[in-house]
Amino acid sequence: MLTALDFGCGNGRLITHSQQSGDADFWGADTYYGEGEIYAHDGKEVIPETTRQRIKLLEPGKALPFDDHTFDFVCSNQVLEHVEQLDGVVDELARITKPGGVHIHLFPTKELISEAHLGVPYVHRLPPRYRERWSRAFYPRARFADTTSSFDEWWTNMGPFLEHKTFYRSRREYDRALGRRFHVAHVEPRKLNYHLSQARLRRMRGLTGVLPVRTELMRVGAAVRLELREAA
């Protein structure tokens, strides 16, 4: 059976699904989960106990809590942009991957038009001192604005998150970091074509195979398939 890791697994939905389907032996890793993430407001368990037992807690700057050559497959979704020391994490991901192992990672890059977490155009490209004033004009349509009563309340959470927890890099910078230990293949066209094929509007589905890769980079970021390089 395929041994797999969801790196930055959140509440472990892939783990839960794999246990139900029996398709793979999935494990997870994330920086934190606590009572607020385990139980919903109605008291129902969000993370089943069998899933929680398979989630390893990560400590920044320390080795991943897995043995060498553990996983056939590793994936992440919207995670690598939150890694400050990317080279060290790439080395660790390579260490725990079996020879011949494959990765799939999705992550926003600096090429984005609308920042991935706030939903504010170009805010991630501005110096931090200009971000608050710029974001104020977009607050009514920003992500999570409907959960706050004012811009100030929203920015108190989102501003520091963007500045201290999110590290935007260009596609080229990611290629350099990932390419030290992996063969990097960009699969943005495949991802974009999938989104277009699922579109409700028929005229959008007709664009499948037509739009360039840069469209996907500017829309949601990069999608890469990695194969472990042989040790020198």
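The values are calculated or read from the model by the stated rules, or taken from the named source; none is laboratory data. The structure presented is a predicted model; accordingly, all values stated were derived computationally and were not measured. With ideal geometry, Cβ positions are generated from the backbone for all residues, glycine too; neighbour counts draw on all protein chains shown. Each accessible area value is taken on the protein alone, full model and side chains, heavy atoms only, with ligands, DNA and RNA left out. Shrake-Rupley method; radii C 1.70, N 1.55, O 1.52, S 1.80 Å.
Residue by residue through segment 106-113, what is 3J(HN,Hα) from phi via Karplus (6.51 cos²θ - 1.76 cosθ + 1.60, θ = phi - 60°)? Round to whole Hz and write x for glycine and proline.
Taking θ as phi minus 60°, the curve returns 10, 7, x, 10, 4, 5, 3, 7 Hz for segment 106-113.
Return the subset of LYS62/LYS165; LYS56/LYS165; LYS98/LYS165 for which the Cα-Cα distance in this structure is over 22 Å, preserving the input order.
Values: LYS62/LYS165 17 Å; LYS56/LYS165 20 Å; LYS98/LYS165 30 Å.
Pairs exceeding 22 Å: LYS98/LYS165.
Normalised by the number of residues in segment 1-151, what is the relative contact order in percent for Cα pairs under 8 Å and 6+ residues apart?
Dividing the mean separation by the residue count of segment 1-151 yields 18 percent.
ALA29's amide H: which non-local residues (gap 5+, or another chain) put their own amide H closer than 5 Å, with H modeled 1.01 Å from N in plane and none for Pro or chain starts?
Here ASP6, GLY8, CYS9, LYS56 satisfy the definition.
Over segment 122-177, with the other protein chains present, what is the accessible area per residue in square angstrom, probe 1.4 angstrom?
Values: 3920 Å² over 56 residues.
In whole numbers, segment 122-177 has 70 Å² accessible per residue.
Can you pull the Rg over Rh of segment 115-176, Cα-only, Kirkwood? Walk me through the numbers before you get to the answer.
Details: Rg = 12.2 Å, Rh = 12.2 Å.
So for segment 115-176, dividing Rg by the Kirkwood Rh gives 1.00.
With labels modelled as points extended 7 Å from the Cα through the Cβ direction, what inter-label distance (nm, one decimal) is found for HIS69 paired with PHE144?
4.2 nm
Under a 5 Å amide H to amide H cut-off, with H placed in plane at 1.01 Å, what residues pair with VAL74 once short-range neighbours are removed?
For VAL74, the qualifying residues are LEU5, VAL102, HIS103, ILE104.
First measure r as the distance between the Cβ atoms of ASP23 and LYS56, then evaluate 1/(1 + (r/R0)^6) with R0 = 35 Å and state the FRET efficiency to the nearest 0.05.
Details: r = 21 Å, r/R0 = 0.59.
E between ASP23 and LYS56, to the nearest 0.05, is 0.95.
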